[in-house]
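Engineer: Attaching a single structure in structure tokens format; questions to follow.
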Amino acid sequence: GQSLEQPSEVTAVEGAIVQINCTYQTSGFYGLSWYQQHDGGAPTFLSYNGLDGLEETGRFSSFLSRSDSYGYLLLQELQMKDSASYFCAVRVSGGGKLIFGQGTELSVKP
Amino acid sequence: GAGVSQTPSNKVTEKGKYVELRCDPISGHTALYWYRQSLGQGPEFLIYFQGTGAADDSGLPNDRFFAVRPEGSVSTLKIQRTERGDSAVYLCASSSSGTQGYEQYFGPGTRLTVT
């Protein structure tokens, strides 16, 4: 079977740092992607880890540990516009099939 | 350039009817994906095309669902004998190739409501 676990909700204040964790159990694993989705909008790609370690893209970083079946998304210098749902997604084959988690709703407060 | 487009944006249909949902991917993207998303859930994989062929249709829930991509560009998701449980947002995504499939570009979705 395939399962991904991430917290359902996280709240943080503007300017802070927040970490959204993702653990997975899947029948195949090629890498872990992160997507952001604002209410009523389309998911947008944030980051991808195909190998263990940290990937940094501006205010966002993502980490992967294959041995622990674990990854996280780190958002720094939070802004109000970062309030959205964040999904981890496992790439389960060499093609593009992604299995998504249920999402973490991030609320950024002033 | 233009992103992924989907039509219609909203579709209301009666139980038992047939519907078609259309997706126009980013020009030049060879890989195309269909997902559906229910409220409060993550996108659920349905099918993946590489070019004209379905590379993976393992997510299609039953034989009422079918998708085509005859010329390797536009795709149509077809649902026969719709049921109320089919109500969801149907998302289409594309990537430059299957090997770049970790980075997918999503369309705005079609909200399907079956009454």
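The values are calculated or read from the model by the stated rules, or taken from the named source; none is laboratory data. Given the structure is predicted, the values throughout are model-derived calculations rather than measurements. FYI the Cβ positions are ideal-geometry reconstructions off the backbone, even for glycines, and counts take in every protein chain you see. Protein only, heavy atoms only, side chains kept; ligands, DNA and RNA dropped before computing areas. Shrake-Rupley method; radii C 1.70, N 1.55, O 1.52, S 1.80 Å.
Engineer: Leaving ligands, DNA and RNA out of it, rank B:Asp63, B:Asp57 by accessible area with a 1.4 Å probe, largest first.
Structural biologist: Numbers: B:Asp63 125, B:Asp57 85 Å².
Final ranking, largest accessible area leading: B:Asp63, B:Asp57.
Engineer: Please average, across the residues of B:96-104, the number of beta carbons from any other chain that are within 10 Å of each residue's own beta carbon, and give a whole number.
Structural biologist: The per-residue average across the peptide is 6.
Engineer: A further question on this structure: Under a straight-distance cross-link criterion of Cα-Cα below 14 Å, which aspartates and glutamates are reachable from B:Lys17, leaving out those fewer than 8 residues away in the same chain?
Structural biologist: Result set, ordered by chain and number: B:Glu83, B:Asp86.
Engineer: Under a straight-distance cross-link criterion of Cα-Cα below 20 Å, which lysines are reachable from B:Lys11, leaving out those fewer than 8 residues away in the same chain?
Structural biologist: B:Lys11 reaches B:Lys78.
Engineer: May I ask you to derive the relative contact order of chain A, considering only C-alpha pairs under 8 Å and at least 6 residues apart, and to give it as an integer percent?
Structural biologist: Reported as a whole number, the value is 36 percent.
Engineer: Heavy atoms only, probe 1.4 Å: what % of the accessible area of chain B goes to carbon and sulfur, would you let me know?
Structural biologist: Values: 2520 of 5380 Å².
The computed percentage sits at 47.
Engineer: Something else now. Kindly compute the accessible surface that chains A and B hide from a 1.4 Å probe when together, both sides summed, and give it to the nearest 100 Å².
Structural biologist: The summed interface area works out to 1500 Å².
Engineer: Counting Lys and Arg as +1 and Asp and Glu as -1, what is the net charge of the other residues whose Cβ lies under 14 Å from the Cβ of A:Glu14?
Structural biologist: On the way: positive: A:Arg59, A:Lys81, A:Lys109; negative: A:Glu77, A:Asp82.
Here the count lands on +1.
Engineer: Quick one: grab the alpha carbon gyration tensor of segment A:38-79, order the square roots of its eigenvalues as a ≥ b ≥ c, and give me rounded if a/c is under 1.5, else prolate or oblate depending on whether a/b is larger than b/c.
Structural biologist: Prolate, because a/c is 1.5 or more and a/b exceeds b/c.
Engineer: How much area per residue is accessible in chain A when the probe is 1.4 Å and only protein heavy atoms are counted (Å²)? Walk me through the intermediate numbers first.
Structural biologist: On the way: 5100 Å² over 110 residues.
Averaged over the residues of chain A, the accessible area is 46 Å².
Engineer: Okay, moving on. Ignore the peptide's own chain and count Cβ atoms of other chains within 10 Å of each Cβ in B:31-43; give me the average, rounded.
Structural biologist: Mean partner shielding for this stretch: 4.
Engineer: Around A:Tyr70, with a cut-off of 11 angstrom between Cβ atoms, what is the net charge of the other residues, counting Lys and Arg +1 and Asp and Glu -1?
Structural biologist: Result for the local shell: -2.
Engineer: Could you give the nm distance between label points at B:Ala2 and A:Val13, where each point is 7 Å from its Cα heading toward the beta carbon?
Structural biologist: 4.7
Engineer: Now for a different question. Put one equal scatterer on each alpha carbon of the protein assembly as shown, apply the Debye formula with no solvent term, and list log10 I(q)/I(0) at q = 0.09, 0.15 1/Å to two decimals.
Structural biologist: Ignoring solvent entirely, the Cα scatterers give -0.36, -0.98.
Engineer: Same structure, new question: Comparing the chain by itself with all protein chains present, which residues of segment A:82-97 are at least 10 Å² less accessible (probe 1.4 Å)?
Structural biologist: Hits at the 10 Å² cut-off: A:Phe87, A:Arg91, A:Gly94, A:Gly95, A:Gly96, A:Lys97.
Engineer: If you don't mind, there's one more thing I want to ask. With contacts defined as alpha carbon pairs under 8 Å and 6 or more residues apart, what's the relative contact order of segment B:39-101 in percent? Each step should come with its number before you reach the end.
Structural biologist: Values: 64 pairs, mean separation 15.2, N = 63.
Reported as a whole number, the value is 24 percent.
Engineer: Same structure, new question: Distance in nm between label sites at B:Asp63 and B:Ser27, each 7 Å beyond Cα in the beta-carbon direction?
Structural biologist: Spacing of the two 7 Å Cα→Cβ label points: 4.1 nm.
Engineer: Contact order normalised by length for chain B, with contacts defined as Cα pairs under 8 Å and 6 or more residues apart; what percent is it? Mind dumping the intermediate values first?
Structural biologist: Values: 296 pairs, mean separation 42.4, N = 115.
Dividing the mean separation by the residue count of chain B yields 37 percent.
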